[in-house]
Amino acid sequence: MKFAAVALVAAAQAASFPSFDSLHAHCQLTTTFQDSCANVYASLDNTVKTFKDPANGAYALVQEQSGDYVWVTRTTPTKHYVDDIIFTVKNTGNANTCTVVSKSRSETMSYYDYDTNFCNMYNVFRSQSIKFDTPTTQDCKYFPSAADLLTTCNTY
């Protein structure tokens with residue numbers, strides 16, 4: 001069984017991240033962190049490895065590519081659904097800021113995700129000690145309102 005896990009990690013590449021489609025709930029967030037990309041990457045990488053999810057999901061590393069991206073899965077606490085999540089670090093040309101584009105996609109066929117894919121990424125962002133801008137959403141059918149953001153993401 002260990003061999004299969006090693007093969008999965010070796011096979012995972014950022015380009016292999018599952019594409020968004022109408023059969024799987026998904027969401028993309030983009031934000032800018034107020035620090036260098038090296039520090040942002042290190043912080044994201046460390047967080048997903050040691051994360052205490054406020055919604056009690058379990059994050060597991062799939063692949064990390066030094067300085068470029070971190071790919072993890074998150075398993076929900078009650079129904080044990082699995083979502084793929086990738087955090088891609090992009091240099092802005094400014095040594096004091098770094099853009100992160102993140103994507104979350106449900107592995108099982110689903111249409112409605114109760115904001116879970118949004119919260120998969122947002123909960124990691126908000127656990128950083130590095131200040132970040134309000135994320136912009138793309139391809140998110142469902143996401144919490146600003147007023148319900150923390151309550152929702154503490155649940156999902």
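The values are calculated or read from the model by the stated rules, or taken from the named source; none is laboratory data. The structure presented is a predicted model; accordingly, all values stated were derived computationally and were not measured. Glycine gets a Cβ as well: all are built from the backbone with ideal geometry, and neighbour counts include every protein chain shown. Heavy atoms of the whole protein, side chains included, go into the accessibility calculation; ligands, DNA and RNA do not. Shrake-Rupley method; radii C 1.70, N 1.55, O 1.52, S 1.80 Å.
I need the peptides 27-37, 58-68 ranked by packing, meaning the mean over residues of other C-beta atoms within 10 angstrom, with the highest value on top.
Numbers: 27-37: 20.3, 58-68: 15.2.
Descending packing order for the listed peptides: 27-37, 58-68.
Bridgeable aspartates and glutamates around K79 (alpha carbons under 17 Å apart, same-chain partners fewer than 8 residues away excluded): D53, E107, D113, D115. Using bins of 10 Å that start at zero, the share of Cα-Cα pairs per bin across the chain amounts to 11, 43, 36, 9, 0, in whole %.
Ignoring lysines fewer than eight residues from K131 along the same chain, the ones with Cα atoms less than 28 angstrom from its Cα are K49, K52, K90, K103, K141.
Taking loop as defined by DSSP and a crowding limit of 12 other beta carbons within 10 Å, which trypsin sites (Lys or Arg not before Pro) in segment 41-118 fit?
Details: sites: K49, K52, R74, K79, K90, K103, R105; in loops: K52, K79.
Sparse-neighbourhood loop trypsin sites (Lys or Arg not before Pro): K52, K79.
Which percent of the accessible area of segment 65-156 is formed by carbon and sulfur heavy atoms (probe 1.4 angstrom)? Provide the component values of the computation, followed by the final result.
Numbers: 2360 of 4770 Å².
Carbon and sulfur together cover 50 percent of it.
Accessible surface area normalised per residue over segment 5-156 is 50 Å², counting heavy atoms of protein chains with a 1.4 Å rolling probe.
The phi-based Karplus calculation (6.51 cos²θ - 1.76 cosθ + 1.60; θ = phi - 60°) puts the 3J(HN,Hα) values of segment 65-75 at 10, 2, x, 9, 7, 10, 10, 10, 10, 10, 9 Hz, whole numbers, x for Gly and Pro.
Spin-label model, K141/T78: points 7 Å from Cα along the beta carbon direction are separated by 2.0 nm. Comparing mean-square fluctuations of A38, A55, A15 from a GNM of the chain with C-alpha springs under 10 Å, the top value falls on A15.
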